[in-house]
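Some notes on the structure that comes next.
The values are calculated or read from the model by the stated rules, or taken from the named source; none is laboratory data. Please read all numbers here as calculations on a predicted model, not as lab measurements. Positions of Cβ are backbone-derived with ideal geometry, glycine not excepted, and every protein chain shown enters the neighbour counts.
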Amino acid sequence: MNETMTSTAIEASSGVSAPLEKVALETYVPPAKPSLIGLSRAEIAERLGAIGVAPTQRKMRVQQLWHWIYVRGARNFDEMTSISKEMRSQLEAHFTVARPEVAAEQVSNDGTRKWLLRLPSGDNLEKAHEVECVYIPETDRGTLCVSSQVGCTLNCSFCHTGTQRLVRNLTAGEIVGQIMVARDRLNDWADRDTPTGGRLVTNVVMMGMGEPLYNFEAVRDALLIVADNEGIGISRRRITLSTSGVVPNIIRTGDEIGVMLAISLHAVRDELRNELVPLNRKYPIAELLQACRDYPGSSNARRITFEYVMLKGVNDSLDDAKLLVKMLKGIPAKINLIPFNPWPGTRYECSDWDQIEKFSEYVFNAGYSSPVRTPRGRDILAACGQLKSETEKLSVRERQALRAMAMTD
């Protein structure tokens, strides 16, 4: 049997239903010269000690590096002019501040940007992995949708990303690196020359490729760096982690990260959610909702978002809306209704707009905020549920052309 065949493919070939989770095909292989991005202050200090930096200097050097990397966005050590040339040479000999490489960039008609990011496996450029990251500009904010895995652990039937094999988990550096790339491409660092000086990337959502709570430690370490006030400085109230319902790690998210929580719910009955979100067979709705009731720090000011994709004739009836309101009683919640975003080969259709409005009106009248998410980036497959490394299907020549375009923008 082909060793690279996923468990999903194996079961599908034998006529057995797809498993709840896929098995990762690979593990991360670090490069010979590692990047300092994604390391905590303590880890950076440890690395500096390993190359001979005296204990009395480490705290100062860590502060300098932290500022240059996360406030100024330095792409190499030569830019770090407050550090001596000798120290910069020493750093250059052992480390980098490399982030993922932009393999391709697409810009939607509505201004949404999608980046295909290349992640080399060790120093083997021929075995690079790819993830997607999406920037959504709005009048009052700029939201960056970040990936946590190469591929996806789960098999949600309505989600394009879920059809992709799971290759491996991302490291904390690769997760933080997506934000670094976005700020690079948008010229969004501390010295950005604008009338207001305001940031373009103001919000981060862990809603890209992968299930964040199946890569908990790396996601936690990355988001603590993103929220650090002396660095990237995005408030925990502006960071949202979305999960399909990995119940054991939901409480840990509140305790150890403290960000806003979103639940990919999509159904109000276990039998339907078992089909839409197969993980429900492991952690059914009742267990999931109890974890939400117990989520540390939740309140009317810090409500849990329940994401609900609107599928025509599947989960969009008024009976579904009534049961949704009933089951969320006692949870500080808002319901985010998501018009289904089609993708090639899907068997689902988006609910009619009149039905979405009726559903939303019922939920709103019951006392819950129920905004309907405006689809963004559909024309470049950047909308919710559409992310997948489409370059898998491209020829070498087409991939090289996309890369050249990204490099010259």
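Of Met260, Met310, all but one fail to be touching a Cys at 6+ places or on another chain (Cβ under 8 Å) and closer than 24 Å to Ser360 by Cα; the exception is Met310. Inside region 290-322, can you point out the residues that are at pLDDT 95 or above, farther than 16 Å from Thr243 by Cβ and of a type outside the set (A, V, I, L, M, F, W, C)? Hits for region 290-322 are Lys312, Gly313, Asn315, Asp316, Ser317, Asp319, Asp320, Lys322. Within region 189-212, does at least one residue satisfy the condition of being in a helix (DSSP H, G or I) and farther than 21 Å from Lys22 by Cα? No, every residue in region 189-212 fails to be in a helix (DSSP H, G or I) and farther than 21 Å from Lys22 by Cα.
Looking at Val131, is it assigned by TED's automatic domain parsing to the domain that holds Leu213, under 18 Å from Met206 (Cβ atoms), within 12 Å of the chain's Cα centre (by Cα) and in a helix (DSSP H, G or I)? So Val131 fails the test. Considering only residues in region 261-283 that are without any contact (Cβ under 8 Å) to a residue 40 or more places away in the chain and over 16 Å from Leu324 (Cβ atoms), the one that is nearest to the chain's Cα centre (by Cα) turns out to be Tyr283. Within region 261-275, the set of residues being of a type outside the set (Ser, Thr, Tyr) and touching a strand residue (DSSP E or B) at 6+ places or on another chain (Cβ under 8 Å) comprises Leu261, Ala262, Ile263, Leu265, His266.
Per-residue answers, yes or no, for (1) within 30 Å of Ala103 (Cβ to Cβ); (2) in a loop (DSSP other than H, G, I, E, B); (3) at pLDDT 95 or above:
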{"position": "Ile331", "(1), (2), (3)": "no, yes, yes"}
{"position": "Lys334", "(1), (2), (3)": "no, no, yes"}
{"position": "Asn341", "(1), (2), (3)": "yes, yes, no"}
{"position": "Tyr362", "(1), (2), (3)": "no, no, yes"}
{"position": "Ala382", "(1), (2), (3)": "yes, yes, no"}
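Quick grid of which residues meet (1) surrounded by 15 or more Cβ atoms within 10 Å (Cβ to Cβ); (2) of a type in the set (A, V, I, L, M, F, W, C); (3) under 24 Å from Gly254 (Cα atoms):
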| residue | (1), (2), (3) |
| --- | --- |
| Leu272 | yes, yes, no |
| Gly313 | no, no, no |
| Met327 | yes, yes, yes |
| Asn336 | yes, no, yes |
| Ile356 | yes, yes, no |
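Look through region 85-119, keep the residues that are over 17 Å from the mean Cα position of the chain (by Cα) and part of a loop (DSSP other than H, G, I, E, B), and return whichever of them is nearest to Tyr135 (Cα to Cα). Checked region 85-119; the qualifying residue nearest to Tyr135 (Cα to Cα) is Gly111. The condition (being under 30 Å from Val268 (Cβ atoms), of a type in the set (S, T, N, Q) and modelled with pLDDT of 95 or more) is satisfied by just one residue among Thr171, Thr202, Thr243: Thr243.
Yes or no: region 72-82 includes at least one residue that is surrounded by 15 or more Cβ atoms within 10 Å (Cβ to Cβ) and within 21 Å of Arg373 (Cα to Cα). No, because not a single residue in region 72-82 is surrounded by 15 or more Cβ atoms within 10 Å (Cβ to Cβ) and within 21 Å of Arg373 (Cα to Cα). Candidates are the residues of region 45-71 that are crowded, with 17+ Cβ neighbours inside 10 Å and of a type in the set (A, V, I, L, M); the one that is nearest to Leu91 (Cα to Cα) is Leu48. Screening region 1-54 for residues that are in a loop (DSSP other than H, G, I, E, B), at pLDDT below 90 and over 27 Å from the mean Cα position of the chain (by Cα) and picking the one that is nearest to Ala222 (Cα to Cα) gives Glu3. If I filter region 168-181 for residues that are part of a loop (DSSP other than H, G, I, E, B) and among the hydrophobic types (A, V, I, L, M, F, W, C), do I get at least one hit? Yes. Every condition in (1) more than 30 Å from Ser298 (Cα to Cα); (2) in a loop (DSSP other than H, G, I, E, B) holds for Asn315 except the one numbered (1). When Arg220 is tested against (1) under 19 Å from Tyr135 (Cα atoms); (2) out of contact with any strand residue (DSSP E or B) (no Cβ under 8 Å at 6 or more places or on another chain); (3) in a helix (DSSP H, G or I), exactly one condition is not met: (1).
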